[in-house]
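Have a look at the structure below before the remarks.
Just so you know, all these numbers are worked out from the coordinates, no wet-lab data involved. Keep in mind the model is a prediction, meaning the values are calculated, not measured. Counting neighbours? That spans all protein chains shown, and the Cβs are built from the backbone with ideal geometry, glycine included.
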Amino acid sequence: MIAAKVARLLLEVKAVRLRPEEPFTWSSGWKSPIYCDNRITLSYPEARTYIRTALADTILKEFPDVQAIAGVATAGIAQGALVADALNLPFLYVRPEPKKHGMGNQIEGRLEDGQRVVVIEDLISTGGSSLKVVDVLRQAGAGVLGMAAIFTYGFPVASQNFADKDVKLVCLSDYETLVGEARDLNYISADAMDSLAAWRQNPAEWNR
């Protein structure tokens, strides 16, 4: 129910674009029929509120011992702050690298030694950059309970990366649900459905 609702909201506010006939190019160099920018949901109160509530409820269910929320810079900052406010918990965020001036912080906000933290991310692809944040928090003395994200592509490599780091991941919605909703809403044709399925099976080689 939550997965379908979130997928539909992402499509309705155009946070997700499906364009098999004119693929996007990711920073990794992969060609992709899909582009996801969940920051757009922040501009739509209905979508923003639903996602905030769903993340907060999911965290209470999956990580009941949480003591603080940490956002992944930059896309996870606003989402994380909203969730922390909903749960009345401390909030902090983690930069990709330490600042080059001032205090040289990489973690912004106060982190207590041993504090049990849930990390908020907007999108999971391979999980590499998200898991670097977990490493930073653990090195700083946090007890990372896991990560909650709005959307995942569901790549096997991501599942393996999270397993290797012993990080529990929970996501509100996923690629298969999103494609199903797009089909039901007539966002895409049958041919496009086949193209999306082929990309999901082998994204690195798709459209080469």
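Using only helices, what value at 222 nm comes out for the chain when you add -39,500 (n - 2.57) per DSSP H run of length 4 or more and divide by the total residues, to the nearest 500 deg cm²/dmol?
Numbers: 7 runs with 85 residues, N = 208.
So the calculated ellipticity at 222 nm is -12500 deg cm²/dmol.
When all alpha-carbon pairs of the stretch 104-192 are counted, what percent fall beyond 21 Å?
Details: 1601 of 3916 pairs.
For the stretch 104-192, the share of Cα pairs beyond 21 Å comes to 41 percent.
Work out, in µm²/s and without decimals, the Stokes-Einstein translational diffusion coefficient of the stretch 2-194 at 25 °C, 0.890 mPa s, Rh from Kirkwood over C-alpha pairs. Present the calculation step by step, with values, prior to reporting the outcome.
Numbers: Rh = 17.2 Å.
So the translational diffusion coefficient is about 143 µm²/s.
Can you pull the three principal axis extents for the Cα set of the stretch 159-208, in Å, largest first?
The Cα atoms of the stretch 159-208 stretch 39, 29, 9 Å along the principal axes, largest first.
Testing the spin-label approximation: label points 7 Å from Cα along Cα→Cβ at R183 and R110. State their distance in nm.
So the label points at R183 and R110 sit 5.2 nm apart.
Let me have the relative contact order for the chain, percent, based on Cα pairs under 8 Å that are six or more residues apart. Before the final figure, lay out each step's value.
On the way: 357 pairs, mean separation 44.5, N = 208.
Relative CO of the chain lands at 21 percent.
Starting from one equal scatterer on each C-alpha and no solvent at all, send me the Debye-based log10 I(q)/I(0) for the stretch 66-159 at q = 0.12, 0.17 Å⁻¹, two decimals.
Debye output, listed in q order: -0.34, -0.67.
In the calculated pair distance distribution of the stretch 117-157, what percentage of Cα-Cα distances lie above 14 Å? Present the calculation step by step, with values, prior to reporting the outcome.
Details: 372 of 820 pairs.
In whole percent, the long-distance tail amounts to 45.
For the stretch 10-102, report the % of Cα-Cα distances exceeding 20 Å.
Details: 2146 of 4278 pairs.
Beyond 20 Å sits 50 percent of the P(r) for the stretch 10-102.
Quick check: Cα centre of the stretch 68-86 to Cα centre of the stretch 35-63, how many Å?
10
When the Karplus curve 6.51 cos²θ - 1.76 cosθ + 1.60 is applied with θ = phi - 60°, which whole-Hz ³J(HN,Hα) does each residue of the stretch 54-64 get, with x for Gly and Pro?
Result, rounded to whole Hz: 5, 5, 4, 5, 5, 5, 4, 6, 8, 9, x.
Which three extents, in whole angstrom, do the alpha-carbon atoms of the stretch 1-41 cover along their principal axes, largest first?
33, 20, 15
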